[in-house]
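**Student:** Please read through the structure below; I'll follow up with questions.
The values are calculated or read from the model by the stated rules, or taken from the named source; none is laboratory data. As the structure is a computational prediction, the values presented were derived from the model and not from experiment. Positions of Cβ are backbone-derived with ideal geometry, glycine not excepted, and every protein chain shown enters the neighbour counts.
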Amino acid sequence: MTATQERTPTQGTDADSGARTINLIQAVTETIAEEMERDSRVVLFGEDVGARGGVFMATAGLQERFGPRRVFDTPLSEASIVGAAVGMAVRGLRPIAEIQFADYMGPGFDQIISQAAKIRYRSGGQFTAPMVIRTPSGGGVKGGHHHSQSPESYYTHTPGLKVVMPSTPYDAKGLLRSAVRGEDPVIFFEPKRLYRAAKGEVPAHDYVVKFGEAAVRREGTDLSLIGYGGVMPDLERAADALAAEGVSVEVIDLRSLVPWDKDRVLSSVEKTGRAVLVSEAPRISNFMGEVAYVIQEQVFDSLTAPVGQVAGFDTPYPYVQDKVYLPGPNRIVAACVRALNY
Amino acid sequence: MTATQERTPTQGTDADSGARTINLIQAVTETIAEEMERDSRVVLFGEDVGARGGVFMATAGLQERFGPRRVFDTPLSEASIVGAAVGMAVRGLRPIAEIQFADYMGPGFDQIISQAAKIRYRSGGQFTAPMVIRTPSGGGVKGGHHHSQSPESYYTHTPGLKVVMPSTPYDAKGLLRSAVRGEDPVIFFEPKRLYRAAKGEVPAHDYVVKFGEAAVRREGTDLSLIGYGGVMPDLERAADALAAEGVSVEVIDLRSLVPWDKDRVLSSVEKTGRAVLVSEAPRISNFMGEVAYVIQEQVFDSLTAPVGQVAGFDTPYPYVQDKVYLPGPNRIVAACVRALNY
Amino acid sequence: MIQPFTPEPIRFVAEDGTPVQPLPARFTPELLRELHALMLRAREFDRKLITLLRQGRTTFYAQSSGMEATQVGLARSIRVGHDWVWPYYRDHTLGLAMGVPMAELLSQCLGTNSDSSRGRQMPHHFAAQAQNFVSISSSIASQVPPAAGNAMAQKYLGVDELTVCTFGDGATSEGDWHAGLNMAGAAKAPAMFVCENNQWAISTSIREQTASETIHIKAKAYGMPGYYVDGNDIVAVMEVCAYVADQIRAGHGPALVECLTYRVGSHSNADADAEKHYRTREEVEEWLGRDPITRVEKLLEHLGHPVSAEERAALIAQTHREVDEQVLKAEATGQPDWRIMFEDVYADLPGHLRDQEAFLRAEQTGQNGQGGRA
Amino acid sequence: MIQPFTPEPIRFVAEDGTPVQPLPARFTPELLRELHALMLRAREFDRKLITLLRQGRTTFYAQSSGMEATQVGLARSIRVGHDWVWPYYRDHTLGLAMGVPMAELLSQCLGTNSDSSRGRQMPHHFAAQAQNFVSISSSIASQVPPAAGNAMAQKYLGVDELTVCTFGDGATSEGDWHAGLNMAGAAKAPAMFVCENNQWAISTSIREQTASETIHIKAKAYGMPGYYVDGNDIVAVMEVCAYVADQIRAGHGPALVECLTYRVGSHSNADADAEKHYRTREEVEEWLGRDPITRVEKLLEHLGHPVSAEERAALIAQTHREVDEQVLKAEATGQPDWRIMFEDVYADLPGHLRDQEAFLRAEQTGQNGQGGRA
Ligand SMILES: Cc1ncc(C[n+]2csc(CCOP(=O)(O)OP(=O)(O)O)c2C)c(N)n1
Ligand SMILES: Cc1ncc(C[n+]2csc(CCOP(=O)(O)OP(=O)(O)O)c2C)c(N)n1
Ligand SMILES: [Mg+2]
Ligand SMILES: [Mg+2]
């Protein structure tokens, strides 16, 4: 499999005999199953992931298939869940822990930042925590602030963690495989509003999406539109709208935040001279601040306009105004227009 | 007191009859005492703040003076401490809660982000949490990662919290008064390596430093050097070194991160055309990313060089290499030189 | 005499409605009828909300059907508007019985302009200042340490109040639950912690939740008494809660009360179809047979003051009317617009939010050339 | 028979060295002398570290003087290198008694190149792979949920191991402590939780820490047995821990053991002058009078096998020599340089860290025109 195929699966024209079209949540479910099949060290647990199959049904059928020893419900405590994953990983398992909503990582925060993120470093590599924390994140489901937040920036600011967020079934499979097979703790954010909305082809064969490689969703010459996770379909819509006006937008899906694909982003912006970064997390100290910083630091002279951002507002996530809070295609187009007219 | 006096206390030449020179930790201690004297709703608690006076002695003598009803030790639980502060504030007190080290805010994280930060918003202002969390932060004391971290970016990324960090006794007093008298939850970071190192004059009269107002530590024309907290003395040293080479550096101490003084920063950069931002937190998703973003977004055409950053490395804070991890004057000067030679 | 740490739940009225110990004098037929009406009203509110959900007029709901004796009993054991309550998201019956206006609850569920929480929280997360009913947070057990703090403040202020904190059985596994109870214990704060043990946390049974034999026994870890109550017996709930409240007011420090009950409905609308995967219909039926409302009806019958079918129907009809009326009234106030996003983040509106508000105003009013909703 | 939940700490040897119950046969004079030597060695290690601190050769130290019976007793009740240990920062005596080489401990305290943790943690936070002695985190009680997970993995793997997790009395107030014990209880995982109750958490007394009568009683909240032991009686510690370990290995699930002891030294070097503010000299003297090493000496005397003054002096001298030698050896390896900052953050070196490493290399080797240390 070439790098191009890996990066632009939806554009791939090569016939993969067993390719199927599935949605993002199916990609998650079947990849967990495949990894459990492949490696008996993989165990899956969290709140209601067993008989119930998870509140989004991401783990539906897995307890039936692999038994309650390998797939089980835990007490209602995120510190227990994350902490248990750390201990299991140290003792040689490959735990996949689910946090029911990313908004509920809070009670497990110290376990994530003090134990998972630091045990390799502080022990000089004597003890390590290869583990995956899967969790649905992002807004757009009218869930109020506790079922809509995008806390990824906290974790990208925590050295020792790897942080990824797919927006397609292909990437969900490829990134989740990398996560489970890797040697580091990974926070795997699942953009919940794409669980069923994001459909796409996945090949039948085993492949991985390496961390730190962005996907160019469409090539363009006038502006680099960069995002990740739940906002990606809106980036595509915005790019469509702009294409209709004759503007050629390059759309990049970061997929992996730590590490992120600096080279691809910079070479794109060098080409287009303009960048708009889109995320739904609150603006102050968000991850895109780092991307913007690096762009202006590294390719300053290529910029024909300031780097633009569309992000969440610096307010708690609201309920009634759920949709207004989120960046949508219009707001993204407006930001692009500002950059284009600069 | 004029705005200028408030912003540049160390340069003030007006005679304040009762002015004294104290250090930063004394400023904290005496301001707590004054506020407790002023307002019987103010209570102080945390781990070992009572008889012991805190591990840095920031609360020394306060239990003796105000009695164990108003100044008391808590069980060893940051969730209890923060949560109790929220409940007390809701019921009408003005709690000042100490977290022994900023590194130990983790176990209280969900209380901070889910309760303190959101109760006003989610209740439509029916219930509010005017409270202060004081905590020593930052490196340079050979404390390894759990006594050296700078977690302020997590909290600046959390709408509903105000976040400040003084670097002088004057600001410590003024900001702490604003914090205690304000109506919002405030995270008050105390740069521990300046506790005794930062000495300065404080007037005898009651004054406040308003949140959202930066202090221009020295005026300059060639470059804006912007920081907050523990790194400030190094900014001054770097500015001295550059002054010796004939470079005129404007040094700005943000003091308040949320909200931050956009106007002052932007007008400075408009004047100088160059900005270097200094902090000791890991780089990815740090608060300075936002400042850098806003600078390039708002005064792009004034920039003669990309915005530069000196920050912590994206590694856990090390022990032996404590001093190397931190930005120091040399590293800051180097960043300035890069901007000047761009 | 009410005792802590009993091996069996304290009970006054058997499932068939006959008293198993002398009925305290205050439980006159009048009081029992009043309690019955409150329970029935809450039950019907549950039903009506399910209808509103089906109609797409609200998006989330967590029934408390089956748990009415616990919540009404608790509401009637405290001094409303004087004592403080830190509730959880399944407490609408508690709110209603405390006198939170139905209009308030419905407005919050519908997210209308009449919602005192300004449409910012997901449905069923209401707040009521007049009743000292503190705004509910979704984050499980996060109300527990603040409740301890609230009680500490009451002690500090020397006021004659207590703080009630409610939570489910699942909540007891969270670290914050422990932190809150331990803090309250150490501070000897006037807090009453009430576990609404409905034996399930979504699909996780109490057996998977903890190896502890019961919830109330956990009080031992905090040096406070733990009471074990039949949460479907409103007489028992009221007798225990009133006794415990008195003890707390007398300065004996906090206590934990476990009300053993059952959630007969689904966890929430999101869970409705999933139930079959984790619990048997037999179990649900068994508990439907222990219905707390039926129990009061049987008791009233036993006492010779039955609630007639007509009375019952009238109560139900009245609630339906009330809900229908209030829904229309609430909906007529419209939905809060984008402006509510920036208010109440802070007491003031700092510069960055002023900028963001201006940006959104321009967008929403079409002044930035794009207009309309994103 | 060892019983859980005893009202008084389980004790075999009285403070005056006389057995209060028959001494188990395995406690031969040979074994007791061996234990005595381990305890004395750890005590002297403490003393020497204080000296190193005074000399500025290390920066932090937390003594375990007074707690040797607990830590040595525990070390000798498990299968070193087979069972796993998630310790806390006051466990150097445990480490030493488990056979972690003194060179390892000293290297970590000094932060030299011989430190297997690569100079990244503050002193006294060591790790020892060979002994399954997991790297210590400063964050109190954060080792407890991972210990539960470690034990769950052991159960999953079907191996005949157990997991030991230690912590202080203060740690029991943290939410993570609760989370870990509850998880282990629910999972019936082979974990032994050992509280080294030295009655103070820095300046906070156990009375301010919790209203719970004891620590071991908290086991009730997790459906596990709680044992109460005289932590200054090494016979009692070993008898209880060995018994509990057997029970756990037999599949009876986790247990909590409370060893009642006392910290006779200061909390850490940072605390040395502050002690007078929070505890009385009398209290310390009283516990100095209950010294666990003295107790074994008295027991050996009672058994007719006294440790002579010369033997004692020789043991001390040997430890001093050992420390001196190892310190010199460790220091001779030098201090790790800036490169260690970027290793072991991840298994690989991602791009951004490669960049940052290159930046620092240039700076540290003077290639960016600035040179030298910042
Ligand atoms: C911190 C946190 N984790 C997870 C959830 C998701 N969640 C919502 S309700 C629930 C179960 C709660 O069970 P219980 O405490 O018994 O209350 P009940 O719903 O049974 O009344 C869970 C896991 C949450 N709201 N908060
Ligand atoms: C989460 C966290 N909060 C606070 C601290 C600071 N601290 C270090 S030791 C200590 C007291 C610990 O007491 P205890 O658990 O009884 O252990 P001991 O030191 O007495 O052996 C505290 C509060 C910490 N290390 N971690
Ligand atoms: Mg429940
Ligand atoms: Mg202790």
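**Student:** Does any residue in segment C:197-221 that is within 7 Å of chain D (Cβ to nearest Cβ) come within less than 8 Å, Cβ to Cβ, of a residue that is within 16 Å of ligand 4 (Cβ to nearest atom) and in a helix (DSSP H, G or I) six or more places away or on a different chain, and which pairs are these?
**Tutor:** Pairs found: C:220/D:218; C:221/C:182; C:221/D:218.
**Student:** Would you call residue B:30 over 30 Å from residue D:175 (Cα atoms), in contact with a helix residue (DSSP H, G or I) (Cβ under 6 Å, 6 or more places away or on another chain), part of a helix (DSSP H, G or I) and modelled with pLDDT of 95 or more? Lay out the reasoning, then the answer.
**Tutor:** Working: over 30 Å from residue D:175 (Cα atoms): yes; in contact with a helix residue (DSSP H, G or I) (Cβ under 6 Å, 6 or more places away or on another chain): no; part of a helix (DSSP H, G or I): yes; modelled with pLDDT of 95 or more: yes.
So residue B:30 does not fit the description; no.
**Student:** Something else: Mind counting the residues in segment A:98-120 that are more than 7 Å from chain B (Cβ to nearest Cβ) and part of a helix (DSSP H, G or I)?
**Tutor:** Going through segment A:98-120 one residue at a time, the tally reaches 10.
**Student:** Exactly one condition in (1) acidic (Asp, Glu); (2) over 16 Å from residue D:324 (Cα atoms); (3) surrounded by fewer than 24 Cβ atoms within 10 Å (Cβ to Cβ) is not met by residue D:46; state its number.
**Tutor:** Looking at each condition in turn, residue D:46 falls short on (2).
**Student:** Further question on the same structure: Can you tell me which of (1) closer than 29 Å to residue D:205 by Cβ; (2) part of a loop (DSSP other than H, G, I, E, B); (3) more than 8 Å from every other protein chain (Cβ to nearest Cβ); (4) modelled with pLDDT of 95 or more is the one residue D:124 doesn't meet?
**Tutor:** Here residue D:124 meets the rest and fails (4).
**Student:** For segment B:311-333, name all the residues that are in contact (Cβ under 8 Å) with a residue 12 or more places away in the chain and among the hydrophobic types (A, V, I, L, M, F, W, C).
**Tutor:** The answer is B:311, B:313, B:326, B:332, B:333.
**Student:** Also, I was wondering about something else. Which of the residues spanning segment A:272-285 are within 11 Å of another protein chain (Cβ to nearest Cβ) and more than 12 Å from residue A:227 (Cβ to Cβ)?
**Tutor:** Within segment A:272-285, A:282, A:283, A:284, A:285 meet the criteria.
**Student:** Select, from D:35, D:49, D:96, the only residue that is under 26 Å from residue D:310 (Cβ atoms), touching a Phe, Trp or Tyr at 6+ places or on another chain (Cβ under 6 Å) and among the hydrophobic types (A, V, I, L, M, F, W, C). Spell out how you get there, then give the answer.
**Tutor:** Working: D:35 fails: touching a Phe, Trp or Tyr at 6+ places or on another chain (Cβ under 6 Å); D:96 fails: touching a Phe, Trp or Tyr at 6+ places or on another chain (Cβ under 6 Å).
Going through D:35, D:49, D:96 in turn, the sole match is D:49.
**Student:** Would segment A:259-271 turn up any residue that is facing chain B (nearest Cβ under 9 Å), buried (at least 24 other Cβ atoms within 10 Å of the Cβ) and either of a type in the set (D, E, K, R) or closer than 15 Å to residue B:289 by Cβ (or both)?
**Tutor:** yes
**Student:** Quick test for you: out of C:182, C:198, C:150, pick the one residue that is within 16 Å of ligand 4 (Cβ to nearest atom) and crowded, with 24+ Cβ neighbours inside 10 Å.
**Tutor:** That would be C:182, the only listed residue that is within 16 Å of ligand 4 (Cβ to nearest atom) and crowded, with 24+ Cβ neighbours inside 10 Å.
**Student:** A further question on this structure: Would you check which residues across segment B:17-26 are closer than 25 Å to residue B:230 by Cβ and either in contact with a Ser or Thr (Cβ under 8 Å, 6 or more places away or on another chain) or surrounded by fewer than 21 Cβ atoms within 10 Å (Cβ to Cβ) (or both) and list them?
**Tutor:** B:19, B:20, B:21, B:22, B:23, B:24
Per-residue answers, yes or no, for (1) in contact (Cβ under 8 Å) with a residue 40 or more places away in the chain; (2) over 18 Å from residue C:339 (Cα atoms); (3) surrounded by fewer than 24 Cβ atoms within 10 Å (Cβ to Cβ); (4) within 16 Å of ligand 1 (Cβ to nearest atom):
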{"position": "C:80", "(1), (2), (3), (4)": "yes, yes, yes, no"}
{"position": "C:86", "(1), (2), (3), (4)": "yes, yes, no, yes"}
{"position": "C:97", "(1), (2), (3), (4)": "yes, yes, yes, no"}
{"position": "C:103", "(1), (2), (3), (4)": "yes, yes, yes, no"}
{"position": "C:111", "(1), (2), (3), (4)": "yes, no, no, no"}
{"position": "C:115", "(1), (2), (3), (4)": "yes, no, no, no"}
{"position": "C:118", "(1), (2), (3), (4)": "yes, no, no, no"}
{"position": "C:121", "(1), (2), (3), (4)": "no, no, no, yes"}
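**Student:** Could you run through segment C:170-194 and say how many residues are outside any loop (DSSP other than H, G, I, E, B), more than 9 Å from ligand 3 (Cβ to nearest atom) and in contact (Cβ under 8 Å) with a residue 40 or more places away in the chain?
**Tutor:** 10
**Student:** So, in segment C:316-348, how many residues would count as being assigned to a loop (DSSP other than H, G, I, E, B) and either in contact with a strand residue (DSSP E or B) (Cβ under 7 Å, 6 or more places away or on another chain) or facing another protein chain (nearest Cβ under 7 Å) (or both)?
**Tutor:** 7
**Student:** Are any residues in segment B:265-284 free of Cβ contacts under 8 Å to residues at least 40 places away in the same chain and closer than 13 Å to residue B:297 by Cα, and if so, which ones?
**Tutor:** B:266, B:270
Rundown of residues vs (1) hydrophobic (A, V, I, L, M, F, W, C); (2) at the interface with another protein chain (Cβ under 8 Å from one of its Cβ atoms), yes/no style:
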| site | (1), (2) |
| --- | --- |
| A:44 | yes, no |
| A:61 | no, no |
| A:65 | no, no |
| A:69 | no, yes |
| A:73 | no, yes |
| A:77 | no, yes |
| A:80 | no, yes |
| A:84 | yes, yes |
| A:93 | yes, yes |
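**Student:** Among the numbered criteria (1) buried (at least 16 other Cβ atoms within 10 Å of the Cβ); (2) more than 30 Å from residue B:266 (Cα to Cα), which one does residue C:350 miss?
**Tutor:** (2)
**Student:** Could you grab me the full set of residues in segment C:196-211 that are polar (S, T, N, Q) and either within 19 Å of the chain's Cα centre (by Cα) or within 16 Å of ligand 2 (Cβ to nearest atom) (or both)?
**Tutor:** Of everything in segment C:196-211, those that are polar (S, T, N, Q) and either within 19 Å of the chain's Cα centre (by Cα) or within 16 Å of ligand 2 (Cβ to nearest atom) (or both) turn out to be C:197, C:198, C:199.
**Student:** Among the residues of segment D:147-185, which ones are closer than 26 Å to residue D:199 by Cβ, within 7 Å of another protein chain (Cβ to nearest Cβ) and over 14 Å from the mean Cα position of the chain (by Cα)?
**Tutor:** D:147, D:148, D:170, D:173, D:174, D:175, D:176, D:178, D:179, D:180, D:182, D:185
**Student:** Can you find a residue that is over 30 Å from residue D:52 (Cα atoms), within 14 Å of chain C (Cβ to nearest Cβ) and part of a loop (DSSP other than H, G, I, E, B) anywhere in segment D:224-239?
**Tutor:** Step one: of segment D:224-239, the residues over 30 Å from residue D:52 (Cα atoms) are D:224-230, D:235-239.
In the following step, the residues that additionally are within 14 Å of chain C (Cβ to nearest Cβ) were identified as D:224-226, D:228.
With the extra rule that they be part of a loop (DSSP other than H, G, I, E, B), the set shrinks to D:224-225.
Checking segment D:224-239: at least one residue is over 30 Å from residue D:52 (Cα atoms), within 14 Å of chain C (Cβ to nearest Cβ) and part of a loop (DSSP other than H, G, I, E, B).
**Student:** Say we look at segment A:290-323 and pick out the residues that are small (Gly, Ala, Ser) and surrounded by fewer than 22 Cβ atoms within 10 Å (Cβ to Cβ); which of these is nearest to the other protein chains (Cβ to nearest Cβ)?
**Tutor:** The residue in question is A:305.
**Student:** Exactly one condition in (1) among the polar types (S, T, N, Q); (2) more than 22 Å from residue A:108 (Cβ to Cβ); (3) within 16 Å of ligand 3 (Cβ to nearest atom) is not met by residue C:163; state its number.
**Tutor:** (3)
**Student:** With (1) more than 14 Å from every other protein chain (Cβ to nearest Cβ); (2) within 30 Å of residue A:122 (Cβ to Cβ) as the list, and residue B:173 as the residue in question, which single condition is left unmet?
**Tutor:** The single condition residue B:173 does not satisfy is (2).
**Student:** Do the conditions hold for residue D:150, that is, is it within 18 Å of residue C:173 (Cα to Cα), assigned to a helix (DSSP H, G or I) and away from ligand 2 (no atom under 16 Å from the Cβ)?
**Tutor:** Answer is no for this residue.
**Student:** Can you spot a residue in segment D:209-223 that is modelled with pLDDT under 95 and assigned to a loop (DSSP other than H, G, I, E, B)?
**Tutor:** Looking for residues that are modelled with pLDDT under 95 and assigned to a loop (DSSP other than H, G, I, E, B), one finds at least one in segment D:209-223, hence yes.
**Student:** If only one of C:191, C:201, C:179 is more than 14 Å from ligand 1 (Cβ to nearest atom) and of a type in the set (A, V, I, L, M, F, W, C), which one is it?
**Tutor:** Values: C:201 fails: more than 14 Å from ligand 1 (Cβ to nearest atom); C:179 fails: more than 14 Å from ligand 1 (Cβ to nearest atom).
Criteria check complete, one pass: C:191.
**Student:** Does residue B:244 satisfy the condition of being aliphatic (A, V, I, L, M) and without any contact (Cβ under 8 Å) to a residue 12 or more places away in the chain?
**Tutor:** Numbers: aliphatic (A, V, I, L, M): yes; without any contact (Cβ under 8 Å) to a residue 12 or more places away in the chain: yes.
Considered against the rule, which asks whether it is aliphatic (A, V, I, L, M) and without any contact (Cβ under 8 Å) to a residue 12 or more places away in the chain, residue B:244 comes out as yes.
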